[in-house]
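Read the structure below first, then the notes.
The values are calculated or read from the model by the stated rules, or taken from the named source; none is laboratory data. This structure is a prediction, so every number in the text was calculated from the model and none was measured. Note: ideal-geometry Cβ built from the backbone for every residue, glycine included; neighbour counts use all protein chains shown.
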Amino acid sequence: MAQIRAIRKRMTAVGTIARITKTMQMIATAKFTAALARARDSRPYTDAIRRLVGEVSGAAGEYDSPLFSSKGNTKKELLLVISSDRGLCGAYNGNVLKTAMQHIRSKDQDGVDVSVETAGKKSNAFFKFQKMEPLNQLTVGDKPSFEDVARIATRYMEEFAEGKWDAVRVTYMRFVSNARQVPETIQLLPLASEEANTDTTEDGASANYEFSPSAGEILDDLLPRSVKTTLFQVFNDAVVSENIMRMIAMKAATENANDLGKDLRRDYNRARQAQITTELTEIISGAAALE
């Protein structure tokens, strides 16, 4: 009887877990759908800014910008690590933090001092545990706004232009497709001036444009805007990746709970059948003893 009672309690607990994980899966699915729509909506604008920078740069001649190179060789770099605020999202945080640590160790070997900023409670707790106190803990949330991200990007550009950092990089989970998310570290600053012309047309049509104001003045506005839109796209991709990985993790957890519930139901039926058989045997034996 005690075994049957224990199995029944486990069945109840597993059923409750399955309902919770199913609910979390549905929530993650809704958030993923909304986040994916935001990321897809912002992608054309980000790509258009990059193309425009390439076209204008083709006619800018010897244009130079403080965003193209650092002022000195300070051997200091800033790394922004984007993680989640909550767990239960599979290997999302683990892969991002592993990629960040690999980058930090490689820079340490080159004699570069890497300072860390975090976006997400999980990365903040991780680096504190590693005795690497983050400079700042950014709060962007599940729905990053362009205004909030633009302020972060503006601060990065100002600090880079002042020569505080030789480079500013971001480690995040890039969304490729529903079945693939890739952790990577990208360079936000300095901008690669040699890549500015990669989007120009093959026939050199961009060189025939006449700009008013001048191409240099236009680039003075486009380059900061390009940094802001790139960082904004990075945050959007990170949110999409987080939610789809949580959706997949909760789906797997629900399926495992349902499978365990079936096994417990089978064990319960066997234990119940054994108990009934024992009771019938006792009744028959008692009746036979009275004859």
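The residue that is modelled with the lowest pLDDT, among those in region 131-151 that are over 22 Å from MET101 (Cβ atoms) and buried (at least 19 other Cβ atoms within 10 Å of the Cβ), is PRO144. Of all residues in region 109-168, those being in contact (Cβ under 8 Å) with a residue 40 or more places away in the chain, closer than 26 Å to TYR92 by Cβ and aromatic (Phe, Trp, Tyr) number 4.
Restricting attention to region 247-279, and to residues there that are small (Gly, Ala, Ser) and at pLDDT below 90, which single residue is surrounded by the fewest Cβ atoms within 10 Å (Cβ to Cβ)? Among those that are small (Gly, Ala, Ser) and at pLDDT below 90, it is ALA274.
The single residue among LYS9, LYS22, LYS31 that is among the basic types (Lys, Arg) and surrounded by 18 or more Cβ atoms within 10 Å (Cβ to Cβ) turns out to be LYS31.
Sub-7 Å Cβ pairs linking a first residue in region 271-282 that is assigned to a helix (DSSP H, G or I) to a second residue that is surrounded by 10 or more Cβ atoms within 10 Å (Cβ to Cβ), at least 6 apart or interchain, are ALA271/GLN3; ALA271/ILE4; ALA271/ILE7; ARG272/ILE4; GLN275/ILE4, ordered by first then second residue. Does region 78-90 contain any residue that is outside any helix (DSSP H, G or I), acidic (Asp, Glu) and modelled with pLDDT of 90 or more? Yes; the residues of region 78-90 include at least one that is outside any helix (DSSP H, G or I), acidic (Asp, Glu) and modelled with pLDDT of 90 or more. Can you say whether VAL53 is in contact (Cβ under 8 Å) with a residue 24 or more places away in the chain and within 19 Å of ILE152 (Cβ to Cβ), as far as the supplied structure shows? So VAL53 does not fit the description; no.
Let's see how each residue does on (1) of a type in the set (Gly, Ala, Ser); (2) over 29 Å from THR21 (Cα atoms); (3) in contact with a Pro (Cβ under 9 Å, 6 or more places away or on another chain):
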position: VAL96; (1), (2), (3): no, no, yes
position: LYS107; (1), (2), (3): no, yes, no
position: PHE126; (1), (2), (3): no, no, no
position: ASP142; (1), (2), (3): no, no, no
position: LYS164; (1), (2), (3): no, yes, no
position: VAL176; (1), (2), (3): no, no, no
position: ALA179; (1), (2), (3): yes, no, no
position: PRO183; (1), (2), (3): no, no, no
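In this structure, is SER69 under 26 Å from THR171 (Cβ atoms), part of a loop (DSSP other than H, G, I, E, B) and among the polar types (S, T, N, Q)? Judged against the criteria, SER69 is a match.
For region 30-53, does any single residue satisfy the condition of being among the aliphatic types (A, V, I, L, M) and assigned to a loop (DSSP other than H, G, I, E, B)? Looking for residues that are among the aliphatic types (A, V, I, L, M) and assigned to a loop (DSSP other than H, G, I, E, B), one finds none in region 30-53, hence no. Here ALA100 does not qualify as over 16 Å from the mean Cα position of the chain (by Cα), in contact (Cβ under 8 Å) with a residue 12 or more places away in the chain and either part of a helix (DSSP H, G or I) or exposed (fewer than 14 other Cβ atoms within 10 Å of the Cβ) (or both). Does GLU159 count as closer than 17 Å to LEU223 by Cα, at pLDDT 90 or above and not in a loop (DSSP other than H, G, I, E, B)? Yes. For the subset of region 37-90 comprising residues that are basic (Lys, Arg) and in contact with an Asp or Glu (Cβ under 8 Å, 6 or more places away or on another chain), which member is surrounded by the most Cβ atoms within 10 Å (Cβ to Cβ)? Going through the qualifying residues, I end up with ARG50.
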